[in-house]
Amino acid sequence: MIINKIYTLGRFGISLFLIFLISCKAEKISSTKGELVSMVYPLLDTENSRWFFFSSASRPFGMVNLNPDTEIKGDWGGGYKYTTDTIKGFSHVHEWQMSALSVMPVTISNGNSANIFSDFYSKFSHDSEKIFPGYHSVTLDRYQIKAELTSTKRVGFHKYTFPKNSQKAILFNLNTILGPCENTNGTLEKNNDYELSGSLVLSTNFRRPKPLTVYFKIKFNEPVSSIERNIATGNYLVNFGKAKEEILMKAAISYTSVENATNNMQLELPHWDFDKAVSDSKNEWNSLLGRIQIEGGTETDQRRFYTDLWHALQGRKIISDANGAYPDNTGEKFRIGQLPLDANGKPKFNHYNSDAFWGAQWTINTLWGLVYPEIMDEFVHSLMQYYKDGGMIPRGPSGGNDTYVMTGASTTPFIVTAIQKGIVKNDLEAIYIALKKNHMLNGIMGKAGYEHNTDVGGGLKYYIEKGFVPYPLPEGNFGSHQDGASQTLEYAYQDWTLAQLAKKLNHKEDYDYFMTRSKNYQNVFDKTSGWMRPKNVEGKWRENYDPYEYENGFIESNGAQSTWFVPHDIEGLAELMGGKQKAVEKLNKQFETAKELKFTSGTSHDAELHPEFSRIPINFGNQPSIQTSFIFNVLGRPDLTQYWTRNVVKDTFSGLSPATGYNGDEDQGLMGSLNVLLKIGLFQMNGGTDQDAQYQIGSPVFSKVSIQLNQHYYKGKNFIIEAPQNSLENVYINQIKYNNTAVENYTISHNAITNGGKLILEMSNKAKQ
């Protein structure tokens, strides 16, 4: 079906094309008919490639993330990059600081047999691709091989259709640079004519300083005729001779052993029915995507919405085997851990890798907590497993150990909101002790980004003693993001969230202590200039301070953007600014200026560094200021929340194009989750960490949103938002009723929503007076 899609073909030689092939030739399907995978547009923003960004032939949160690689060197710019016209392999792991098992089907001829190990890449055309969640097919032009990919959670399933009478082979490129790390020590062993096994080692990098072995089991539906090992590369060519045109391959992985990889395959993919595997994957994706049904808006609006929701569910991958074995790299020596089992001998939860939870308070905290509580539940238990193994709750684990990505104790709000919403109910005292450890000396707050061997860069001792983190840190550089003003703001908010849990558990002294610390944001607010401003260790304001200078004491932001990072005390921040009216005027002016640049610092993460983009006062392309449009709600101006949020959605997050989409840093579903929340009109300023977690009501883009509630966690069956007069012009809400009762202050509690019911919004083109 042909619809509007704009993308840049870069070095293909054509500048800007109006082509339109949604979801790569997907048929038109209503969002209420079940086949929601066909609504997803997988190519969104794929010109801004990142190793874990694109994950086509994968299950939700699957250990296997199978897709073509057009760029193989580097984390940023690696993986599937739309503007590169050459496939360099199909690899099975596209994860936070991890990559593995790249394979390439080839045909052997007299012309290429001598150098096939070094010259095997193939051109391809996007016209030959068909992509939807759980499936990817493409034709390799060089070999005229049709490659089809799908998977289970831990097994990649390949279907290769070769030209008739060709010499068929599959190259196992086990020793190569692949994304964020090198694959080394790759070995492949023939077990019998139909089965292979092997392993490779993921090299270290400054984010993941411990190596990790990836084990795999391979099975074919056709017999292997021979295997060649190339001495120069250490890679392997598996030959099939002139077997049948169609060769099926199953590749199971494990981070613990070949035996567990084999077991993963036996449990998850015992058959050879490729179409059934595709159908099963579709059903799983449809089930999760179908938790939210929408009506109204344009077809592009609906497709973009389900693409955003797909992103919210495709990051952060399983690392435990089907039997619960998992890699534990938290200690001095590597060990194989075992997750607790239920009465049926199955793991009670999965164990996960994850990029940072930095910014999750405004994204997955709310979306998962409302729509996917079972996912949030699993992640909390996984985070606690890291604590039980290594003595610390991580903020971005990879390969069985923390990478210490970003700053602060970003998992504290995530875990606290899960408790406040009743998702996690057991062992609360043990969880509190673990969380509190991260907020004290020798805890994770003391570590700056990627600070593995010290705990100085976080500046926590100064934060505790002086009430702020100095910039610069007098001891020097120990990690990334040693930006004291931002660290102070982040710690203050996270302290407030921990205080709420202390209050729930009747730890009065701790509650008072962390509430006092939560006011530390006041110590970096300069009343003279009206901005948050860095201080040095002596308490003196940074001289020649420019609030629009990027990373001038602020993390991936500038002072203007980060001034509003006080999600736990917006009213207190407004008092520092001279009152709510002055705060509203200040923020509104920032939005008016940011609108000129469509509310983002360019259309990619690296563009934030460019002078023409970095000075923007509000940036929806990165996490530090993505909450700002909802601040107006808290300050008594919900009309401005409605107006600006709809403008952000329209100008920034509405298109379907490989050239743009999230306009910055889509950290494993965070920006996709934000988009979903903005478009359904629900947000949680403090991350849902208060005692009776509240949602701020915004202006949805659809006339009806139906959320299916998980009744294992919540009493209600459905929560419905209706806005029958909704349109591009009718962005304002004049009246709200929930179950026929008037709603005041544009807020609604988590308990009210999860008990089920209908929220009716009376929309207008004029703000309520």
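Read-outs: derived from the displayed coordinates by stated rules, not from any lab. All of these numbers come straight from a predicted model, not from anything done at the bench. Cβ placement follows ideal geometry from the backbone for every residue including glycine, while neighbour counts extend to all protein chains displayed.
Being touching a Pro at 6+ places or on another chain (Cβ under 7 Å), under 29 Å from residue 542 (Cβ atoms) and of a type in the set (S, T, N, Q) is true of residue 497. The residues of the range 52-105 that are without any contact (Cβ under 8 Å) to a residue 24 or more places away in the chain and either within 17 Å of residue 183 (Cβ to Cβ) or outside any loop (DSSP other than H, G, I, E, B) (or both) amount to a single one, 71.
Here's a check for you: in the range 389-422, which residue that is assigned to a loop (DSSP other than H, G, I, E, B) and of a type in the set (A, V, I, L, M) is nearest to residue 332 (Cα to Cα)?
Taking the candidates together, the pick is 392.
May I ask you to list the residues in the range 727-762 that are in contact (Cβ under 8 Å) with a residue 12 or more places away in the chain and among the aliphatic types (A, V, I, L, M)? Write out each step before concluding.
Of the residues in the range 727-762, the ones in contact (Cβ under 8 Å) with a residue 12 or more places away in the chain are 727-739, 743, 746-762.
Selection gives 728, 731, 733, 736, 743, 748, 752, 753, 759, 760, 761.
For the range 744-763, enumerate the residues that are surrounded by fewer than 20 Cβ atoms within 10 Å (Cβ to Cβ), assigned to a strand (DSSP E or B) and touching an Asp or Glu at 6+ places or on another chain (Cβ under 9 Å). If the condition is that a residue be surrounded by fewer than 20 Cβ atoms within 10 Å (Cβ to Cβ), assigned to a strand (DSSP E or B) and touching an Asp or Glu at 6+ places or on another chain (Cβ under 9 Å), then 749, 758, 760 are the ones that fit. Suppose the filter is assigned to a helix (DSSP H, G or I), more than 17 Å from the chain's Cα centre (by Cα) and more than 14 Å from residue 357 (Cβ to Cβ); does residue 425 pass it? No; evaluated as a whole, the condition is false for this residue.
Checking the condition surrounded by fewer than 18 Cβ atoms within 10 Å (Cβ to Cβ) and closer than 26 Å to residue 352 by Cβ, which residue from 442, 438 passes?
Values: 438 fails: surrounded by fewer than 18 Cβ atoms within 10 Å (Cβ to Cβ).
Result: 442 is the single residue among 442, 438 that is surrounded by fewer than 18 Cβ atoms within 10 Å (Cβ to Cβ) and closer than 26 Å to residue 352 by Cβ.
In the range 722-743, the residue that is surrounded by the fewest Cβ atoms within 10 Å (Cβ to Cβ) out of those that are assigned to a strand (DSSP E or B) and not charged (D, E, K, R) is 742. Of the helices (runs of 4 or more DSSP H) contained entirely in the range 257-353, those carrying at least 1 residues that are under 30 Å from residue 159 (Cβ atoms) and touching a helix residue (DSSP H, G or I) at 6+ places or on another chain (Cβ under 9 Å) fall at 274-289, 299-314. Please tell me if residue 631 is in a loop (DSSP other than H, G, I, E, B), under 24 Å from residue 408 (Cα atoms) and among the β-branched types (Val, Ile, Thr). Answer is no for this residue.
Scanning the range 647-662 for residues that are basic (Lys, Arg) and either crowded, with 24+ Cβ neighbours inside 10 Å or part of a loop (DSSP other than H, G, I, E, B) (or both) yields nothing.
Identify, by number, the condition in (1) on the phi > 0 side of the Ramachandran plot; (2) out of contact with any Leu (no Cβ under 9 Å at 6 or more places or on another chain) that residue 379 doesn't meet. Every condition holds for residue 379 apart from (1).
Of all residues in the range 432-479, those satisfying the criterion of being within 29 Å of the chain's Cα centre (by Cα) and touching a residue at least 60 places away in the same chain (Cβ under 8 Å) are 432, 435, 436, 439, 450, 452, 479.
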